[in-house]
Amino acid sequence: WDIWRNKVPTNFWAIYPASLSIGTISSLSLPADNASDSDQKTLSFDYTLPAPSSDYSDAEKQQDLCFAYSCKTWDEDVAGNDNTVNIRFYHALSAVYFDISGVKNTIAVNKIGFNNVPSSAHCEMTGTPGNPGVLSDDNITWTDQTSLTSFSQAYLITDFDENSKVKFDESKVFMMIPGTLNANAELWVEFEVDGSPVTKSVNISKHSPSGPSVVWKPGKYYLYKLVYNGSGDLSFTGTGALGPYEPEWL
């Protein structure tokens, strides 16, 4: 791009990935053109996760969703001023993965899934392009979570690392819509016990029966440790938000 408005800030907004086949973005609203880079601006859109599959490959289809904002001011009087625009992407979804180290060695995990979690919602990112370093959880909001849905993913033992955790840098991490979990949200697991599949589910809407509701936040990852204690008992421990996640492509 070789044509710039001299000494006038130009704002840039971007969405990753370039191909939106991973889900559906609709009602995209870009900030109005404004010469000031000190004003807060909002990018908003509706997002729908890829539809559940019949072959238990939902996590593989749920890729990361990121967007970015920045500002560039061209000044022809400044020596060495080029047309490079530095853009930092921020993560919009919540990443969910699993630790099966609490499962007996003789029991295999075949499938893991969720019931009653949202498949669509409205997202807004508010920021100041001239000061992109101030972004926090409060700058990315998800509302109107609708269409409670079930998602599932098949796993092989090779999908887990030496610590029995899903390999975070590979494709079988669930990329979910953030928000407060519905009261009926469930995590379910299909184990193979003595050659036969056994499916168990547990409600994950609260940290404990009398505790606060679980909230998945944007740009955070959540690790659930699975424990199978016999035919009638599936339990888990959730670590909560571990911090911002940084996939290898960043």
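In this structure, the residue pairs whose Cα-Cα separation is over 20 Å, taken from Lys41/Lys72; Lys61/Lys111; Lys167/Lys206, are Lys167/Lys206.
Each label was represented as a point 7 Å from its Cα along the Cα-to-Cβ direction; for Asn116 and Lys206 these points are 1.3 nm apart.
Per residue, the stretch 112-223 exposes 45 Å² of accessible surface when a 1.4 Å probe is rolled over the protein heavy atoms with every protein chain present. Each of the peptides 221-229, 117-125 was scored by the mean count of other Cβ atoms within 10 Å over its residues; in descending order, highest first, they stand as 117-125, 221-229. Computed FRET efficiency, Cβ-Cβ of Asp82 and Ser44, R0 22 Å: what is it to the nearest 0.05? According to the calculation, E is roughly 0.10.
Using a simple spin-label model with points 7 Å from Cα along the Cα→Cβ vector, what separation in nm is obtained for Lys217 and Ser29? The two pseudo-label positions are separated by 2.5 nm.
For the listed peptides 205-211, 154-160, 181-187, a ranking on the average number of other beta carbons within 10 Å per residue, highest first, reads 181-187, 154-160, 205-211. Of the accessible area of the stretch 65-217, computed with a 1.4 Å probe over protein heavy atoms only, carbon and sulfur atoms account for 45 percent.
The values are calculated or read from the model by the stated rules, or taken from the named source; none is laboratory data. Just so it is clear, the structure is predicted and the values come from calculations on it, not from any experiment. Quick reminder, even Gly has a Cβ in these numbers, built from the backbone with ideal geometry, and neighbours come from all protein chains shown. We work out accessible area using only protein heavy atoms, side chains counted, and drop any ligands, DNA or RNA first. Shrake-Rupley method; radii C 1.70, N 1.55, O 1.52, S 1.80 Å.
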